[in-house]
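Take a look at the structure below.
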Amino acid sequence: MAVHFDCAGDEGASEDIKCYATEDYAYEESEVQNANFSHLQEHFETLVPYGYEDGCGGFGDVRLNVQTRKITVERNDRFEDYSTTTYEV
């Protein structure tokens, strides 16, 4: 089971909890249809990292592997970068 979160510009959102029929989770792949785990939504959302919506934002997943009974949180932070070039003409 997994919840995907994504944001930018200081606003974020979590998607509905989904169940996946695979050992190797990949976002939006192998989703089990007609599965309703909405009663677990609030529990998963409490595991979403604090501040993921700040600055340029971030995205990731909160995953529960039912077989191993392990929860994994993956967070990817976005950032701005720039390059400076100086030359004389």
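Computed quantities for the displayed model
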{"item": "Segments classed as strands (runs of 3 or more DSSP E), wholly inside the chain, with at least 3 members that are surrounded by 13 or more Cβ atoms within 10 Å (Cβ to Cβ) and modelled with pLDDT of 70 or more", "result": "2-8, 58-65, 70-77"}
{"item": "Residues within the stretch 53-89 that are under 22 Å from Cys19 (Cα atoms), of a type in the set (D, E, K, R) and touching a residue at least 60 places away in the same chain (Cβ under 8 Å), tallied", "result": "1"}
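The values are calculated or read from the model by the stated rules, or taken from the named source; none is laboratory data. Quantities reported herein were computed from a predicted structural model and do not represent experimental measurements. Every residue, glycine as well, gets a Cβ built from its backbone with ideal geometry; the counts of neighbours run over all protein chains shown.
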